[in-house]
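What follows is a single structure, written as structure tokens, with notes after it.
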Amino acid sequence: LSGPKVTDLVASGDLDPALATIFAKGDPREPIRLYRHQAQAVAKAKTGQSYVVTTGTGSGKSLCFFIPIIDEIVRGRRMGAARGTKAIIIYPMNALANSQLEELQSYIRDCDLPDNLKPTFARFTGQEKDVRRQQIVNENPDIILTNFMMLELIMTRPSDIDRKVVAAAQGLDF
């Protein structure tokens, strides 16, 4: 069922104004309308409640966590929060991590925000070469997309790159 537009949640103060620019589609870009379950998830996240979303394939479950995560990152940027990984999103397989990376890119790459407010993200699944893994550590992205096997390796391997990924996630919010 249909829910509010992102602009409605911005107007109520539930979302930072930048999210109306980020979560927009089309040409010209227009803020998206959320489904009811997405708006409910945003409301629960806003109050710090845990929630579980169970809906069918293609129903927009990822926005149930992307919107609150990105809202928190943008608000933190406005307040001068230290850079560092705020969210690690764990997928069961690389194919899903890859498709979600593309979804994030479609929203953030095309939004009309200054670079200092744009959330940063990277895929860290084991598909990346050493040079890219080092770039990810140097970039210190806000969001890391990974899979459960790679997360275990990051947490248990004694490599310098993995230790730096863990160190950047101190104070992890999501």
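At-a-glance table
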{"quantity": "Nitroxide proxy distance, nm - points 7 Å out along Cα→Cβ at Ala95 and Thr47", "calculated": "3.8 nm"}
{"quantity": "Candidates Met79, Met150, Met93, ranked by Gaussian network fluctuation over the chain, Cα under 10 Å, top entry", "calculated": "Met79"}
{"quantity": "Net length gained if the chain between Phe148 and Thr55 were fully extended (0.36 nm per residue, minus Cα distance)", "calculated": "31.3 nm"}
{"quantity": "Restricting region 18-127 to trypsin sites (Lys or Arg not before Pro) in coil, as DSSP defines it, with at most 10 other Cβ within 10 Å", "calculated": "Arg109"}
{"quantity": "Ellipticity estimate at 222 nm from DSSP helix runs (n ≥ 4, -39,500 (n - 2.57)) divided over the chain, nearest 500", "calculated": "-14000 deg cm²/dmol"}
{"quantity": "Carbon plus sulfur fraction of accessible area for the chain, probe 1.4 Å, in percent", "calculated": "54 percent"}
{"quantity": "Virtual spin-label span in nm between Val131 and Ala167, 7 Å along Cα→Cβ", "calculated": "2.4 nm"}
{"quantity": "Built amide H within the under 5 Å cut-off of Asn147, gap 5+", "calculated": "Tyr91"}
{"quantity": "Accessible area of Lys129 in the full protein assembly, 1.4 Å probe (Å², nearest 10)", "calculated": "150 Å²"}
{"quantity": "Simple spin-label estimate for Asp27 and Ser159 in nanometres, 7 Å along Cα-Cβ", "calculated": "4.0 nm"}
{"quantity": "Anisotropy class of region 1-73 from Cα gyration tensor, a/c 1.5 cut", "calculated": "oblate"}
{"quantity": "Per-selection metrics, region 16-174 (Cα): Rg and Dmax in Å", "calculated": "15.7, 48"}
{"quantity": "Accessible surface, per residue, of region 46-115 when the full set of protein chains is kept, probe 1.4 Å, Å²", "calculated": "55 Å²"}
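The values are calculated or read from the model by the stated rules, or taken from the named source; none is laboratory data. As the structure is a computational prediction, the values presented were derived from the model and not from experiment. All Cβ positions, glycine included, derive from the backbone under ideal geometry; neighbour counts span all protein chains shown. Calculation scope for accessible area: heavy atoms of the full protein, side chains included, ligands and nucleic acids excluded. Shrake-Rupley method; radii C 1.70, N 1.55, O 1.52, S 1.80 Å.
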